[in-house]
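Undergrad: Below you'll find the structure I mean.
Only the coordinates and a few stated rules stand behind these numbers; no lab work does. Predicted model, so just to flag it, every value in this text is computed and none were measured. We place every Cβ from the backbone using ideal geometry, glycine too, and count neighbours over all the protein chains shown.
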């Protein structure tokens, strides 16, 4: 779960070839080593093929040495509230590869979900 770091100290996730200051990234930061705060969340009951239903999603904000960076992703549970602390956890399949219209081999199906920290 790498974020791009730019010369001005800003971070973006996902990484972009040009940062907010107009410069190329100078490195990455692994967000999976940090916790984040839930900014907002929602539960979708009309999900795309192969995605679990209901599907709880959250926008979270990481604080990386005083620099904020936001991400959106699935939550491991439907019991989440604004202000909760979460951590990224690796998931081998965010959706069922055979359920969509694309060839399963044409995409990566893994990624990260956010798990509440107790």
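Undergrad: Is the C-alpha gyration tensor of the stretch 7-57 telling us rounded, prolate or oblate? Criteria: a/c under 1.5 is rounded; beyond that, a/b larger than b/c is prolate, otherwise oblate.
TA: The shape class here is prolate.
Undergrad: Return 41, 109 ranked ascending by Cβ neighbour count within 10 Å, so the fewest neighbours appear first.
TA: Going from least to most buried by this count: 109, 41.
Undergrad: Could I ask something else about it? Assuming R0 = 30 Å, what is the FRET efficiency of residue 23 and residue 53, from their Cβ-Cβ distance, to the nearest 0.05?
TA: Once rounded, the FRET efficiency stands at 0.10.
Undergrad: In addition: Consider a paramagnetic label point 7 Å from the Cα of residue 110 along Cα→Cβ; state which residues of the stretch 1-34 have an amide N under 11 Å from it.
TA: Within reach of a label on residue 110, which here means backbone N under 11 Å from a point 7 Å along Cα→Cβ, the stretch 1-34 contributes 1.
Undergrad: Can you give the FRET efficiency to the nearest 0.05 for residue 43 and residue 63, using r as the Cβ-Cβ distance and R₀ = 30 Å?
TA: Computed FRET efficiency for residue 43 and residue 63: 0.70.
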